[in-house]
């Protein structure tokens, strides 16, 4: 498999297959939302768009980065989300990096959103689809986020059938700037278990596929 690892700003053309990686925390949170029963996740362009979608669909659940805010029921934290009952609900998600990255490649023929908790399922889907050319979008820190790059490289190896030892990749993520900021309370809207939950390899058996549906970028779980 020909794999390329790019930051959002480095995307100069539409890739055929894109894997958008946000470990801490957007696509760990998305996986938890599906595990808690969510039917779909709508990726919003902005906070205002998220609130507008919520206004049109009062039964939808809006979620954002940072501290709680009016109109948003939840924040972007797996530790805070894991006790929520989202059975049959639609979640509207807007984050700093992950949702931005997914929307940047919305015209790709296949868009997967990934983190360590869905790594093997993501790699399996790439193998099943026989994807020869894959662009991994490293969303955090202008493409320099070590946790996202480590996860992307791990998934790329697994998609190639390489029996890579996950420990080193997880260690890189644990030692990342994002992990430190979450642990030290630099970021808001954080649960003490967030970093540990983001480093749970293959917690869930599904991949997450995003596609345009009536002008909205919609994320759904996909069991291979």
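Going by the structure shown, is residue 99 crowded, with 24+ Cβ neighbours inside 10 Å and within 23 Å of residue 60 (Cβ to Cβ)?
Yes; evaluated as a whole, the condition is true for this residue.
I'd like the full set of residues that are in a loop (DSSP other than H, G, I, E, B) and more than 22 Å from residue 167 (Cα to Cα), limited to region 113-132.
From region 113-132, those in a loop (DSSP other than H, G, I, E, B) are 115, 129-132; that's our starting set.
Residues satisfying the conditions are 129, 130, 131, 132.
With the structure loaded, tell me whether residue 181 is under 16 Å from residue 7 (Cβ atoms) and in a helix (DSSP H, G or I) or whether it fails that test.
no
Can you tell me which of 132, 193 is closer than 21 Å to residue 75 by Cα and over 17 Å from the mean Cα position of the chain (by Cα)?
Working: 132 fails: closer than 21 Å to residue 75 by Cα.
Exactly one residue qualifies, and that residue is 193.
Can you find a residue in region 63-70 that is farther than 22 Å from residue 134 by Cα, in contact (Cβ under 8 Å) with a residue 12 or more places away in the chain, in contact with a helix residue (DSSP H, G or I) (Cβ under 7 Å, 6 or more places away or on another chain) and surrounded by fewer than 20 Cβ atoms within 10 Å (Cβ to Cβ)?
Taking every residue of region 63-70 in turn, none turns out to be farther than 22 Å from residue 134 by Cα, in contact (Cβ under 8 Å) with a residue 12 or more places away in the chain, in contact with a helix residue (DSSP H, G or I) (Cβ under 7 Å, 6 or more places away or on another chain) and surrounded by fewer than 20 Cβ atoms within 10 Å (Cβ to Cβ).
Please state which one of 33, 50, 26 is in contact with a strand residue (DSSP E or B) (Cβ under 6 Å, 6 or more places away or on another chain), under 21 Å from residue 203 (Cβ atoms) and either modelled with pLDDT of 95 or more or buried (at least 24 other Cβ atoms within 10 Å of the Cβ) (or both).
One residue alone meets the criteria, 33.
Tell me the residue from 59, 2 that is within 21 Å of residue 136 (Cα to Cα), surrounded by fewer than 20 Cβ atoms within 10 Å (Cβ to Cβ) and touching a strand residue (DSSP E or B) at 6+ places or on another chain (Cβ under 8 Å), please. Steps first, please.
Values: 59 fails: within 21 Å of residue 136 (Cα to Cα).
Within the list 59, 2, the selection yields 2.
What number of residues in region 58-87 are in a loop (DSSP other than H, G, I, E, B) and either more than 16 Å from residue 219 (Cβ to Cβ) or at pLDDT below 95 (or both)?
17
If I ask for residues that are touching a strand residue (DSSP E or B) at 6+ places or on another chain (Cβ under 9 Å), over 15 Å from residue 81 (Cβ atoms) and buried (at least 16 other Cβ atoms within 10 Å of the Cβ), which ones from region 163-207 would you list?
Selection gives 206, 207.
May I ask you to list the residues in region 101-129 that are out of contact with any strand residue (DSSP E or B) (no Cβ under 9 Å at 6 or more places or on another chain) and farther than 25 Å from residue 37 by Cβ?
127, 128
Take residue 175 and decide whether it is at pLDDT 95 or above and under 17 Å from the mean Cα position of the chain (by Cα).
So residue 175 does not fit the description; no.
The values are calculated or read from the model by the stated rules, or taken from the named source; none is laboratory data. Here the structure is a predicted model, which is why all the values come from computation and not from measurement. Note that we place each Cβ from the backbone using ideal geometry, even for glycine, and neighbour counts take in every protein chain shown.
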